[in-house]
Amino acid sequence: MDLATLRHSCSHIMAQAVTELFPAVKVAIGPSIEDGFYYDFEKTEPFNPDDLLKIEKVMKHIIKQNQLLTSEQWTKQQAIEYFTEHKETYKLELIQAIADDYVTIYKTGDKFLDLCRGPHIGSTGQIKAFKLLSIAGAYWRGDEKNPMLQRIYGTCFETKELLDEYLTRLEEAKKRDHRKLGTELELFEMSDEMGAGLVLYHPKGTVLRGILEDYEKVEHRKRGYHQIIGPMIMKSDIWIKSGHYDYYKENMYIFSVEGKEFAIKPMNCPGHIMVYKSKKRSYRELPLRLFELGTVHRHEKSGVLHGLLRVRGFTQDDAHLFCTSENLKSEIKDIIDFVMDTMKVFGFNECHIELSTRPEKSIGTDADWQQATEALTESLKEKELKFDINEGDGAFYGPKIDIKLKDAIGRQWQCATIQCDFALPERFDLKYDAADGTQQRPIMLHRVLLGSLERFFGCLIEQYAGAFPVWLAPVQLKVVPVSEKQHDYAQAVYQTLFDQNIRCEVDTRNEKVGYKIRDAVKQKIPYILVVGDNEVANQTVAVRYERGVNKAQTVNDVKLEDFLKTINEKIQSRIVE
């Protein structure tokens, strides 16, 4: 049985239960999604957790009755009359947007019917394991100009064992939620007061972000990239020329200054193109690899914003490579290697790869799209990498490879992407002098490694549940004196470590040592160095390590120089435990 069909059918059963319990509700839509299903309702009073238990109880009764799910073909007019009579305004809106003269109606038993294309399971008794999970607000059709509806999320599996496994993973995911940990660990904040979807990095978060940026700069330089910095705003003319204005305008922040229209950049591509165009180019200069830590802003709808994972202002580790057809595949394969090497450094050893093809709304010729798609396909095959085809989900200017990371609890995260583009070089009339003396067009590769630094930041928090490897930890150790008598020695230990570029703190608060240790553990600091009278006398430290299989083990009487060797080895080798 198809899992999506099972889940979609479960959403219908949920809607039936809701309408039985709350007859005044209006129903909207209830699709299956990646991990379950949801249904949107208009209801005067908000749903609460107790309501979910009541709805589940009615759903179990419907399932026990083994009601049939059957379909009927109605005329469009017949459907309009029925849903008008029942005051189902959202269904009416959907029906009126249908071009056909007939619509499909699914009935559950003889009490509940819904506008739906299907397919569905044969009867409600086929549902063996389900759970309602949460309640959220959702604008009708994702548009904040429309009414706010109430969305109930649920999930459904073929067996209770699979459901239990999923619920366990869900509980683990809650513990790792980057929004919760971001506040607790003083990494970042987001608030409506500043503006939805905008990130304020606190000092510790800024340290971690700086580590990501420094890594990027060094590794790009090693691989022959040239870093640039583009302006935050550009005249609308350039976005019209690039095609973004036509294809992306609704997501752009546009304003006028002195009678001229400008836009805050949603992409970094045009700036890189202008660098290429700044002088005459020869085939000997290609491939030209330009890299930017480029901050962009996009007007994402408020309903899809989600912590660091979906924001309105973010920084991409964006690069554009200008190459010839002869070196196109070698550049694509080098990018793939760069991505894989980078992911392993940060502790991600598994990934899922998708090749996305031409969407309906696109620019460029059929021949260019074919050549670009073949180059990406052949590069993946030559690297002997497995991949799925994602039909019609490419960028408007070219096909793309998406590399999705798998984290510690098996979830996928979209980060790296490689896009092959023949269209923008044509639009901006890019040229190079070829070996035969003719002028030719370069091919343009768009790519990111980490993707959005914000998204990757959130991904890292959840991967490690905030307990970062030593080399990534914003605070790598805390020196904790047992009492005020050891403050001077603790301060001296701290200064020695600080001078060795160890990110450290010293806790001289007038608190019991146990409290200070618990606080450091709560802050997920990898090393805690405890100093008491014995350590002062022997000029040593007691080392408590909070990572790996030997977590929370303490080694006493460690010479500071020996400890420095240990921690520096972990930092320099980027050990992940």
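Please treat every number below as a calculation from the coordinates, not as lab data. This is a predicted model, so every value here is computed, not measured. Here Cβ is always computed from backbone atoms with ideal geometry, including for glycine, and neighbour counts include all displayed protein chains.
About the centre of its Cα atoms, the range 380-506 shows a dipole size close to 220 debye [charges on the beta carbon of Lys, Arg (+1) and Asp, Glu (-1) only; nearest 20 debye]. Remark: the Arg518-Lys235 segment gains 96.5 nm on full extension, using 0.36 nm per residue and subtracting the alpha carbon distance. Here the residues Cys156, Cys323, ranked from fewest to most Cβ neighbours within 10 Å of their Cβ, fall in the order Cys323, Cys156.
With θ taken as phi - 60° and the Karplus curve 6.51 cos²θ - 1.76 cosθ + 1.60 applied, the whole-hertz 3J(HN,Hα) list for the range 568-577 is 5, 5, 5, 5, 5, 8, 6, 5, 10, 10 Hz, x standing for glycine and proline.
Size descriptors for the range 183-463: radius of gyration and Dmax over Cα atoms are 18.8, 62 Å. Near the amide H of Cys415, within less than 5 Å, lie the amide hydrogens of Ile403, Leu405, all on another chain or at least 5 residues away, with H placed in the peptide plane.
In a fully extended conformation the segment linking Ser256 and Thr206 would gain 14.7 nm over its present Cα-Cα distance, using 0.36 nm per residue.
Its DSSP H runs of at least 4 residues, each contributing -39,500 (n - 2.57), put the calculated 222 nm mean residue ellipticity of the chain at -11500 deg cm²/dmol, to the nearest 500.
Applying the Karplus relation 6.51 cos²θ - 1.76 cosθ + 1.60 with θ = phi - 60° to the range 2-11 yields 3J(HN,Hα) values of 5, 5, 4, 5, 4, 5, 5, 5, 5, 5 Hz, where x marks Gly and Pro. Taking trypsin sites (Lys or Arg not before Pro) across the range 461-544, the ones in a DSSP loop with at most 11 further Cβ atoms lying within 10 angstrom of their Cβ are Arg509, Lys512.
For the pair Glu511 and Leu564, a Förster radius of 25 Å applied to the C-beta separation gives a FRET efficiency near 0.40, rounded to the nearest 0.05. Taking 7 Å steps out from each Cα toward its Cβ at Gln227 and Ser483 produces label points 5.0 nm apart. Put simply, when 44-51, 301-308 are sorted by average Cβ atoms within 10 angstrom per residue, most first, you get 301-308, 44-51. Shown here are the Rg and Dmax of the Cα trace of the range 25-149, at 15.3, 42 Å. Backbone geometry of the range 303-311 corresponds, through the Karplus equation with coefficients 6.51, -1.76 and 1.60 at θ = phi - 60°, to 3J(HN,Hα) couplings of x, 9, 5, 8, x, 7, 7, 9, 10 Hz, x marking Gly and Pro.
The residue among Phe348, Gln572, Leu212 whose Cα reaches farthest toward the positive pole of the charge dipole of the chain, with charges on the beta-carbon of Lys, Arg, Asp and Glu, is Gln572.
Segment His86..Asn48, full-extension length gain: 11.2 nm, with 0.36 nm per residue of separation and the alpha-carbon distance subtracted.
For the range 121-167, applying the loop criterion from DSSP together with a ceiling of 16 other beta carbons within 10 Å to the GluC sites (Glu not before Pro) yields Glu144, Glu158.
Taking the range 311-349 and a reference point 7 angstrom along Cα→Cβ of Gln371, the backbone N atoms nearer than 15 Å belong to 322-330.
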